[in-house]
Amino acid sequence: MARTYKFKAEINKLLNLMINSLYSHKDIFLRELISNASDAIDKLKFKSIQDKSLIEDDPEFKIKIIPDKKNKTLTISDNGIGMDIDDIVKSLGTIAHSDTEEFLKILQNKNEVNIDLIGQFGVGFYSVFMVAKKVEVISRKAGLPENKAVRWESAGDGKFKVEEISKKSRGTDVIIYLNEEDEKYLEEFEIANIVKKYSDFIEYPIVLVKEDGKEEILNSMKAIWLKDKTEIKEDEYKEFYRHITHDIVGEPLKVIHFKVEGITEFSALLFIPSKAPFNIFFKDYKIGPALYVKKVQIMENCDELLPPYLRFVKGVVQCDDLPLNISRETLQINRQIQVIRKNIINKVLTTLKEMKENEFEKYEKFYNEFRKVLKEGIHLDFENNQKIAELLLFESTKTKKGEFTDLENYIKNMKSDQKEIYYITGNSREEIENSPYLEIFKEKDIEVLFMTDEIDDFIFTGFSYKEKPFKNILKGDISIDKESSENKDKAEKEYKDLLTYIKNTLRKEVEDVKFSNRLKDSPCCLVVGEFAPDPQTEKILKSIGQEIPEFKKTLELNPSHKLIEKMNNLYKNKEFDKLNEYINLLYDQALILEGEKPKNPSEFVKKFSKLLAEI
Ligand code: ADP
């Protein structure tokens, strides 16, 4: 008996979006169905390693394309793993891809759905409704008897029907009832062209069943990653990239195709995409290339082969020395896998370095898309973090907006007695480049790197490049040179009592009050301890509701500022009311410099205006 189900709301939305935005790329539907058929065969091939009986009835894997001009149907038929009733209800209609909801949210915020975006998500089975007025899927799962097959049917109108039927052989037939305007997909040459263009490298024969019953294999079936580089055209790489990423028009920024020979032998075809996928920071983002052993796909994403900070890399790795029955658990302790992983990391990092040296414009594109991911490696990969550091680009007090320096250059430009690599964190260059914290560095002509990614302070706290520690100039003590330290010491003696008085007045607000050696024109600033979060991180943590301990800050005063002398006079003359007003105003100014509000804005304005009137 047939049962009718509704498509899950998200799937419905996606289906409609796809149909409305991809009409100029209709051919894609065939690529997607062939891809699903090939995946289904991959899965069965993998399973049959353990259980040969699953494929005994029909041992020759193939994908058939059967145009029927009389009935105006196009059928894509495979002898892969198939689906039972449960599978089909879940896979084709009721369970959405885990990222669908997030993806739809992103789409909602755009006025226009472009192909780039949909491509990032992957179009899949539902793209068939671009050309179909009705679709039937008839499937029998490998291992189940003839009468346990299932028939699924939908017009793409929000619902689908499912019933149990009989099917002679295992696998899946997708029968497409073509729209009138899409009947060109019944033409043999049209089908042959599309298959050649998009699916040539599919490893199973894609067979066109002609009107006269004759069969013709349309694809060359050679695994592209095993081919010699010189045999492969640029376009073939592109199509293969689109095949594995399900992208429609996207292109790889860089192709990394290599073979390693020796004790562990393997072939790898890896891609650096030109755009970051929308879900690269999501928890369930799938990391790692597909892993093949003797042309059997063992895993679609082998995360043992890539560290998370290189998760933008996509591709395929084949190693025939591995046992076919290798499992997720045994992968982790497999020595060969560890060797391959090391090789891949090296190869990717070297490729990036070469790009940086020889194709800088391309490298900038890469860097703008993936730097936040790459930087995670500074923190996580002790073995390679120096190499990763060499790949980083920074704007600084010495670069123009939009131009970069790197650490090699920074070190070259360091002053002879400079021991640390100075950086300042903030939301944007505009926000930080006029920061009072930079005054003294500018005066002494010391370069300071601008760090504007949220994770920067977290990544660079405690990190050293070529034994030079990174130092956030917003945090902790700074010792730039002898002269400024002497100034500071002198002031500490001269204004000792004033300092104690200020400390007492502000004891609830600040950890300490000190004279500073980092200020030139500004009267004061607030500084956090070396290992406390910088103001930017603090804001982010607060905004996501994270409870963070209250790190009290240190108020630093500029010993050379006229205000200090003035306050000292008030102190000596015992004009404490006025002095208190000054102190509170001073503290409020320091808050404003940090991008915070004064403690009590209306009070601040009142006092400030009063002071102005007195001038
Ligand atoms: P994706 O292939 O990206 O998972 P699709 O929407 O194309 O997304 O397919 C959804 C699911 O339906 C697949 O993951 C697979 O489980 C199942 N499926 C689709 N086509 C076939 C097929 N020809 N044989 C077996 N299962 C299939």
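General observations
- Matching residues, the stretch 465-480, being closer than 14 Å to GLU530 by Cβ and either open to solvent by 10 Å² or more (accessible area, probe 1.4 Å) or part of a loop (DSSP other than H, G, I, E, B) (or both): PRO469, PHE470, ILE473, LEU474, GLY476, ASP477, ILE478, SER479
- The numbered conditions (1) within 11 Å of the ligand (Cβ to nearest atom); (2) under 32 Å from the mean Cα position of the chain (by Cα) are all true for VAL137 except (2).
- Among the conditions (1) under 36 Å from the mean Cα position of the chain (by Cα); (2) open to solvent by less than 60 Å² (accessible area, probe 1.4 Å); (3) within 16 Å of the ligand (Cβ to nearest atom), the only one that ASP86 does not satisfy is (2).
- Residues of the stretch 455-464 that are open to solvent by 50 Å² or more (accessible area, probe 1.4 Å) and in a helix (DSSP H, G or I): PHE458 alone.
- Any chance LYS520 is without any contact (Cβ under 8 Å) to a residue 24 or more places away in the chain, open to solvent by 20 Å² or more (accessible area, probe 1.4 Å) and either assigned by TED's automatic domain parsing to the domain that holds LYS572 or farther than 24 Å from ASP417 by Cβ (or both): no
- The stretch 330-345, subset of a type in the set (Val, Ile, Thr) and either within 18 Å of LEU269 (Cβ to Cβ) or surrounded by 12 or more Cβ atoms within 10 Å (Cβ to Cβ) (or both), residue farthest from the chain's Cα centre (by Cα): THR330
- Of LEU30, LEU14, LEU44, LEU74, all but one fail to be surrounded by 21 or more Cβ atoms within 10 Å (Cβ to Cβ) and in contact with a strand residue (DSSP E or B) (Cβ under 6 Å, 6 or more places away or on another chain); the exception is LEU74.
- From the list PHE121, PHE125, the lone residue that is within 26 Å of the chain's Cα centre (by Cα), within 15 Å of the ligand (Cβ to nearest atom), closer than 16 Å to PHE160 by Cα and of a type in the set (Phe, Trp, Tyr) is PHE125.
- Tallying residues that are among the aliphatic types (A, V, I, L, M) and either more than 16 Å from the ligand (Cβ to nearest atom) or free of Cβ contacts under 8 Å to residues at least 24 places away in the same chain (or both) within the stretch 150-162 yields 1.
- Test: residue in the stretch 255-278 that is charged (D, E, K, R), open to solvent by less than 30 Å² (accessible area, probe 1.4 Å) and more than 16 Å from the ligand (Cβ to nearest atom): no
- Long-range neighbours under 7 Å by Cβ, at least six apart or interchain, first residue over 30 Å from SER53 (Cβ atoms) and touching a residue at least 24 places away in the same chain (Cβ under 8 Å) within the stretch 163-189, second assigned to a helix (DSSP H, G or I) and within 16 Å of the ligand (Cβ to nearest atom): ILE176/VAL128
- Residue list for the stretch 409-451, restricted to those being hydroxyl-bearing (Ser, Thr, Tyr), within 30 Å of the chain's Cα centre (by Cα) and open to solvent by 30 Å² or more (accessible area, probe 1.4 Å): SER428
- Qualifying position, being over 29 Å from the mean Cα position of the chain (by Cα), under 30 Å from THR100 (Cβ atoms) and among the hydrophobic types (A, V, I, L, M, F, W, C), among ILE65, ILE19, ILE34: ILE65
- For first residues located in the stretch 275-290 and under 15 Å from LYS105 (Cα atoms), partners that are modelled with pLDDT of 90 or more and lie 6+ apart or on another chain with Cβ distances below 7 Å form the pairs ASN279/TYR285.
- Boolean, ASN16 is under 28 Å from GLN120 (Cβ atoms) and more than 14 Å from the ligand (Cβ to nearest atom): yes
- Segments classed as helices (runs of 4 or more DSSP H), wholly inside the stretch 523-615, with at least 1 members that are within 18 Å of VAL513 (Cβ to Cβ), open to solvent by 20 Å² or more (accessible area, probe 1.4 Å) and touching a helix residue (DSSP H, G or I) at 6+ places or on another chain (Cβ under 7 Å): 562-572, 576-593
- Candidate set: the stretch 46-83, residues that are within 12 Å of the ligand (Cβ to nearest atom) and small (Gly, Ala, Ser); chosen: the one farthest from LYS214 (Cα to Cα): GLY82
- Assessment of the stretch 317-329 against the conditions (out of contact with any Gly (no Cβ under 6 Å at 6 or more places or on another chain), under 30 Å from LYS43 (Cα atoms), free of Cβ contacts under 8 Å to residues at least 24 places away in the same chain and loosely packed, with under 14 Cβ neighbours inside 10 Å) yields at least one matching residue.
- Against the criterion of being modelled with pLDDT of 90 or more and at positive phi, GLY476 does not qualify.
The values are calculated or read from the model by the stated rules, or taken from the named source; none is laboratory data. What you see is a predicted model, and the numbers here were worked out from it, not measured in a lab. Methodologically, a virtual Cβ is constructed for each residue, glycine included, from the backbone with ideal geometry; neighbour enumeration extends over all protein chains shown. Remember, those area values only see protein heavy atoms, side chains included, never the ligands or the DNA or RNA. Shrake-Rupley method; radii C 1.70, N 1.55, O 1.52, S 1.80 Å.
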